[in-house]
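Q: I have a structure here, written as structure tokens, and I will follow up with some questions on it.
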Amino acid sequence: MLEKILNFIEKNKMLSRGDSVICGFSGGADSTVLLHVMTALSGKLGITVKALHVNHCIRGKESDDDEEFCRDFCENRRIPFIAVRCNVPEYAQACGLSEEEAARELRYRAFAEHSAGMLVATAHNADDNLETAVHNLIRGTALKGLTGIPPKRKNIIRPLLTVSRREIEKYAAENNLSYVTDSTNLSDDYTRNKIRHRLIPLMRELNGSLTEKSVSSMDALREENSFIEAEAEKAYMRCFSDNSLIDIADYPPVIRKRCAARLLSENSLPYSYDRLEMTDSIIAEKGKINISKNLYFVSDGRSLFLKRIEKTSQTERSVPLKIGDNFIFGGISVKAEIVGVSDMSGQNVDINSAVYYLDFDKLSGKLTLRNRRYGDKIRIAGKNCTSSVKKLINEKVGTEYRSTLHFIDDSEGTVFAERLGVAERAAPDERTVRFLKITVEKNRDEPESQTVTL
């Protein structure tokens, strides 16, 4: 087993000669074997080894007895020993955490406080890794979650990650190592213990080599995840600019999602599978999704921008539509002209351009030019249903244009929506004699005009 652990350490470049390692030492079988193994390999690896015990004060005298066992174990073997006491129940109650979460948080805080300039070795083994992957799968995870516990992260190393619990217990017996048993590990109070004591045994009935097979499976998944991570890193470095991912649409979805996740993470914003799916859906299609409060992801169909968009109450604007130039937004003209069939020669009727044509004789009552209103609906020519203007805008109109969109109503409702088109009932056809030509132009001064009267 020593050779197996040594190969795993070297494969993952966990240690260098001259390193100091502090081992998390609870007194249980896993951490006792870890400490013994690291001490046995210290000469060959050229490292120094210490032990750190965290007394969680959960089990009263039993916790104190475990601390004393660890102290004696280290004194008998002349291993430098540090003990830290922390009141997990009190901390859990104060922070609204489960005791399991609170213990982990305080344990890693103790590691950080006592490992300056050192590496921290924890006793996570192959069975722990399998339980973690299953736990992640139950909660919902992507590829990274299925790779389980990383062999090395920052200054934390896990030398026993490919060793099964059965191998650990066998090693302890062969080397006459006594250890303590945490009574909380025998209960089903915690989610992980339910997986350990109920679910994994059922899975092992289907495959007696479950743990060993999981080691190779997660190793393969870890390699594939590392490759994707490397490709995502290249894409991020190429595309990132000022809280934006420029031309991110050129990459596959798996890369786009990881880049979006990193952008959110670097802005201290949470993300989930659903949020990344929604984000990816707007990258090629254009659109906007809310991330948090006034922060939005905005896409122009090529790039993804993280923008702060302040919500403002829009003032209602409306004027009677006049022949000539009309203004409801400064510097943007809506020019109205009545054009006969004879004047249409050579003109392109294209409702998707800045010029729009309506059948003038299909309109009724006075015409009003206005801005967008809450609840607007329109039945666009060529569509077979009445649609929400908000939905159409989200699908078709870039965010930079949305605040200055123009609408035209007659006495029966909306007949024109800028950048969306004209209503079906007002659309020109082969019987059209007079056209109402609408041209939207920017940067125009306000001239004199006359009101259109039908």
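Q: Check whether at least one residue in region 128-144 is of a type in the set (Lys, Arg) and touching a Gly at 6+ places or on another chain (Cβ under 9 Å), and report yes or no.
A: Step one: of region 128-144, the residues of a type in the set (Lys, Arg) are 139, 144.
Subset that is touching a Gly at 6+ places or on another chain (Cβ under 9 Å): 139.
Yes, that holds for at least one residue.
Q: Here is a further query. Give LYS322, LYS311, LYS286, LYS293 a once-over and let me know the one that is basic (Lys, Arg) and modelled with pLDDT of 90 or more.
A: Details: LYS311 fails: modelled with pLDDT of 90 or more; LYS286 fails: modelled with pLDDT of 90 or more; LYS293 fails: modelled with pLDDT of 90 or more.
Exactly one residue qualifies, and that residue is LYS322.
Q: Out of all the residues in region 23-60, which are surrounded by fewer than 22 Cβ atoms within 10 Å (Cβ to Cβ), aliphatic (A, V, I, L, M) and under 22 Å from TYR91 (Cβ atoms)?
A: ILE58, the sole residue that qualifies.
Q: Moving to a separate point now. Determine, yes or no, whether ARG153 is under 30 Å from the mean Cα position of the chain (by Cα), among the basic types (Lys, Arg) and open to solvent by 60 Å² or more (accessible area, probe 1.4 Å). Outline the logic, then answer.
A: Details: under 30 Å from the mean Cα position of the chain (by Cα): yes; among the basic types (Lys, Arg): yes; open to solvent by 60 Å² or more (accessible area, probe 1.4 Å): yes.
In short, yes.
Q: For region 196-237, which residues satisfy the criterion of being within 15 Å of LEU263 (Cα to Cα) and out of contact with any Phe, Trp or Tyr (no Cβ under 9 Å at 6 or more places or on another chain)? Spell out the reasoning first.
A: Initial filter on region 196-237 (within 15 Å of LEU263 (Cα to Cα)): 229, 232-237.
GLU229, GLU233, LYS234, TYR236, MET237, listed by residue number.
Condition check ((1) part of a loop (DSSP other than H, G, I, E, B); (2) closer than 19 Å to PHE240 by Cα; (3) in contact (Cβ under 8 Å) with a residue 60 or more places away in the chain; (4) within 15 Å of the chain's Cα centre (by Cα)) across all residues:
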site	(1), (2), (3), (4)
LEU276	no, yes, no, yes
THR279	no, yes, no, yes
GLU285	yes, no, yes, no
ASN290	no, no, no, yes
PHE297	no, yes, no, yes
GLY301	yes, yes, no, no
LEU306	no, yes, yes, yes
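Q: Taking region 177-195 only, how many residues are open to solvent by less than 60 Å² (accessible area, probe 1.4 Å) and modelled with pLDDT of 90 or more?
A: So the count comes out to 3.
Q: Is it the case that GLU113 is open to solvent by 40 Å² or more (accessible area, probe 1.4 Å), without any contact (Cβ under 8 Å) to a residue 40 or more places away in the chain and not small (Gly, Ala, Ser)?
A: It is true that GLU113 is open to solvent by 40 Å² or more (accessible area, probe 1.4 Å), without any contact (Cβ under 8 Å) to a residue 40 or more places away in the chain and not small (Gly, Ala, Ser).
Q: Can I ask one more? When you go through ASN76, ASN12, ASN87 one by one, which is the residue that is among the polar types (S, T, N, Q), under 20 Å from ASN125 (Cβ atoms), open to solvent by 10 Å² or more (accessible area, probe 1.4 Å) and out of contact with any helix residue (DSSP H, G or I) (no Cβ under 8 Å at 6 or more places or on another chain)?
A: Numbers: ASN76 fails: under 20 Å from ASN125 (Cβ atoms); ASN87 fails: under 20 Å from ASN125 (Cβ atoms).
One residue alone meets the criteria, ASN12.
Q: A further question follows. Just a yes or no: is a residue in region 414-422 touching a Phe, Trp or Tyr at 6+ places or on another chain (Cβ under 8 Å) and not in a strand (DSSP E or B)? Explain how you work it out, then say what you get.
A: Kept after step one, since they are touching a Phe, Trp or Tyr at 6+ places or on another chain (Cβ under 8 Å), are these residues of region 414-422: 414, 416-419, 421-422.
Cutting the leftovers down to not in a strand (DSSP E or B) gives us 418-419.
Taking every residue of region 414-422 in turn, at least one turns out to be touching a Phe, Trp or Tyr at 6+ places or on another chain (Cβ under 8 Å) and not in a strand (DSSP E or B).
Q: Confirm whether PHE81 is buried (at least 20 other Cβ atoms within 10 Å of the Cβ) and touching a strand residue (DSSP E or B) at 6+ places or on another chain (Cβ under 9 Å). Outline the logic, then answer.
A: On the way: buried (at least 20 other Cβ atoms within 10 Å of the Cβ): no; touching a strand residue (DSSP E or B) at 6+ places or on another chain (Cβ under 9 Å): yes.
So PHE81 does not fit the description; no.
Q: Just checking, which of ASP280, ASP300 is touching a helix residue (DSSP H, G or I) at 6+ places or on another chain (Cβ under 9 Å), open to solvent by 70 Å² or more (accessible area, probe 1.4 Å), under 25 Å from LEU392 (Cα atoms) and of a type in the set (Asp, Glu)?
A: Working: ASP280 fails: open to solvent by 70 Å² or more (accessible area, probe 1.4 Å).
After applying the criteria, what remains is ASP300.
Q: Filter the helices (runs of 4 or more DSSP H) completely within region 183-268 down to those with at least 3 residues that are touching a residue at least 12 places away in the same chain (Cβ under 8 Å). Working first, answer last.
A: Values: elements: 191-194, 200-206, 210-239, 253-266.
Correct list: 210-239, 253-266.
Q: Pull up region 373-422, narrow it to residues that are β-branched (Val, Ile, Thr) and either touching a Pro at 6+ places or on another chain (Cβ under 6 Å) or closer than 18 Å to LEU436 by Cβ (or both), then point me to the one that is surrounded by the fewest Cβ atoms within 10 Å (Cβ to Cβ).
A: Applying the first criterion (β-branched (Val, Ile, Thr)) to region 373-422 yields 378, 380, 386, 389, 393, 397, 399, 404, 408, 414-415, 422.
Still in the running and either touching a Pro at 6+ places or on another chain (Cβ under 6 Å) or closer than 18 Å to LEU436 by Cβ (or both): 378, 380, 408, 414-415, 422.
Details: ILE378: 22, ILE380: 19, ILE408: 26, THR414: 21, VAL415: 24, VAL422: 25.
Among them, the one singled out is ILE380.
Q: Considering only residues that are part of a strand (DSSP E or B) and not polar (S, T, N, Q), which ones fall in region 327-344?
A: To start, the set of residues in region 327-344 that are part of a strand (DSSP E or B) comprises 327-329, 332-340.
Result: PHE327, ILE328, PHE329, ILE332, VAL334, LYS335, ALA336, GLU337, ILE338, VAL339, GLY340.
The values are calculated or read from the model by the stated rules, or taken from the named source; none is laboratory data. What you see is a predicted model; the values in this text were computed from it and never measured. Because the Cβ atoms are built from the backbone with ideal geometry, glycine has one as well, and the counts that use them run over all protein chains shown. Accessible surface areas use protein heavy atoms only, side chains included; no ligands, DNA or RNA. Shrake-Rupley method; radii C 1.70, N 1.55, O 1.52, S 1.80 Å.
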